[in-house]
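The structure under discussion appears below in the form of structure tokens.
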Amino acid sequence: MKQSAASFLIVTIFLYTGLAYSQVKGVSQTRNAYQELACDILRELIEINTSVNNGSTKAAEAMAVRLRKEGFPENDVNVVGPQPQHMNLVVRYHGKGTKPPILFIGHLDVVEALQQDWSFDPFKFREIDGYFYGRGTTDMKNEDADLVSNLIRLRQEKFLPERDIIIALSENEEGGDYNGIQWLLENHRDLINAEYCINPDGGGGDIKNGREIIMAIQTSEKVYADFTLETHNRGGHSSLPVKNNAIYRMSEALTRLSNYDFPLNLNETSRMFFERSAQIETGEVKADMVAVSGSPVDTAAANRLAKSSARYNSQMRTTCVATMISGGHATNALPQTVTANINCRLLPDDNMQQVTDMLRNIINDPQIELKCTYAAVPGPASPVRKDVLDAVDRLSASMWPGVLVTPVMVTGATDGKYLRSAGIPVYGVSGMFGDVDDVRAHGRDERIGVKEFLNGVEFMYRLMKTLSSDPSNGRK
């Protein structure tokens, strides 16, 4: 869900900085055998249509064939799922077993792409003017190819990690009845159980004006919930208006909601986000970021930041907003029924019942009924792991000098929420960079830069080795 992943990243503060960034120090653009392998796997995945009506089984089986040909034992390559059309791939690379396994996840499904909406067939892989084109090049078959090709590379190099490396490529992340990670947790947790998870769909880098500016590590995400407000009235003829108008009553309740700010509540991730972001700011913004990253939170500084940016505001509190409204039944009649939808994005540690009670108090009208129509799926924040943060810091500095690395709490949703709620911490990490002014995930002529793809593959190779090795080996 890479917008998904593009809009997940908190980029506003970095867009107009005057910092000078060095040239990326990644891989050579003369492709070696491993890079060609990654490109070939990406091509194969793009040309398998895994949109919702087709399912992901063919892609899962194609990757399983590749892995088995490379010598992965049959028992370590599992294609499993709830239906023949909706299968997931789980592969295990065995290590010494001195540490618990580490899990890497991706999803094989893509959103629908209609050929008439594109400049060419969206399920035909193309390389044009330094870009790879095709549905899934950024969300997220690029990462699937990244993970599979690097697992093959590690095996060819006879790398022996301290811990098992597990890769799960799942089905139905973009929507459907059988979310792959959720299904695996409920039916085959033994295949994916791990100390923690790396989810490339939840993190990554941003480019602005041709420069790599930020590498985000997703450690938490806000939790989605929907509520319906409904009020009824006996109505009547519009020529005889009364003050007790259902539309007016609803509008007054929504006005109260629009004027309300939920309490400030910064967690470990949001504090570190502001602390690190302050390094590239100046003046009052820099001072305010430092102030809110401390404890207790400087309320005045937090309110200034929240007022200056909706993104900053969303990092510091639960938000609820009206997104749909309907009412009335005739142009010449008083309205009898008015409904409104309220969409809430809860902080990971907020309580659903408390938010419901707060909404009822804000509305403050016994004639307006409040119903929860989509309950939040709990997903606690993952604690910031020093080994993960240090590894991303070190690798990013070696490949993209000057890029700011920071944990983020995203306001959207990924498969990480299912793992977090099941007790497996998740960290959104990716070496893939994308232009913040040219986000095409889920859209027309989706593409990724060839250089960005190859550098992302190299970054993940180094990260896999680092996180699965002992500290001394990880720095080689």
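The values are calculated or read from the model by the stated rules, or taken from the named source; none is laboratory data. Keep in mind that this is a model prediction, so the values were computed, not measured. Backbone-built Cβ (ideal geometry, glycine too); neighbour counts: all protein chains shown.
Quick look at the numbers
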{"item": "From the options ASN351, ASN343, residue that is surrounded by fewer than 17 Cβ atoms within 10 Å (Cβ to Cβ), assigned by TED's automatic domain parsing to the domain that holds ARG249, free of Cβ contacts under 8 Å to residues at least 12 places away in the same chain and not charged (D, E, K, R)", "result": "ASN351"}
{"item": "Condition check for GLN336: at pLDDT below 95 and surrounded by fewer than 17 Cβ atoms within 10 Å (Cβ to Cβ)", "result": "no"}
{"item": "Considering residues of region 443-471 that are over 30 Å from PRO100 (Cα atoms) and in contact with a Lys or Arg (Cβ under 8 Å, 6 or more places away or on another chain) only, the residue surrounded by the fewest Cβ atoms within 10 Å (Cβ to Cβ)", "result": "ARG447"}
{"item": "Exclusive hit being basic (Lys, Arg), closer than 21 Å to TYR34 by Cβ and either surrounded by fewer than 19 Cβ atoms within 10 Å (Cβ to Cβ) or under 22 Å from the mean Cα position of the chain (by Cα) (or both), set ARG155, ARG135", "result": "ARG155"}
{"item": "Residues (in a loop (DSSP other than H, G, I, E, B) and either outside the structural domain of ILE105 (by TED's automatic domain parsing) or touching a helix residue (DSSP H, G or I) at 6+ places or on another chain (Cβ under 6 Å) (or both)) located in region 116-161", "result": "ASP121, PHE125, GLY130, GLY134, GLY136, MET140, PRO161"}
{"item": "Residue in region 103-124 that is surrounded by 24 or more Cβ atoms within 10 Å (Cβ to Cβ) and of a type in the set (Asp, Glu) present", "result": "yes"}
{"item": "Hits in region 290-333 (condition: in a strand (DSSP E or B), under 26 Å from the mean Cα position of the chain (by Cα) and surrounded by 16 or more Cβ atoms within 10 Å (Cβ to Cβ))", "result": "THR319, CYS320, ALA322"}
{"item": "Subset of region 465-476 that is under 11 Å from LEU395 (Cα atoms) and in a helix (DSSP H, G or I) - its residue that is modelled with the highest pLDDT", "result": "THR466"}
{"item": "Residue in region 246-255 that is closer than 30 Å to ASP357 by Cβ, small (Gly, Ala, Ser) and under 28 Å from the mean Cα position of the chain (by Cα) present", "result": "no"}
{"item": "Some residue of region 406-418 being crowded, with 17+ Cβ neighbours inside 10 Å and of a type in the set (D, E, K, R)", "result": "yes"}
{"item": "Subset of region 45-75 (residues that are surrounded by fewer than 17 Cβ atoms within 10 Å (Cβ to Cβ) and without any contact (Cβ under 8 Å) to a residue 24 or more places away in the chain)", "result": "LYS58, VAL65, ARG68, LYS69, PRO73, GLU74, ASN75"}
{"item": "Selection within region 383-431 - at pLDDT below 95 and of a type in the set (Ser, Thr, Tyr)", "result": "THR406, THR411, THR414, TYR418, SER421"}
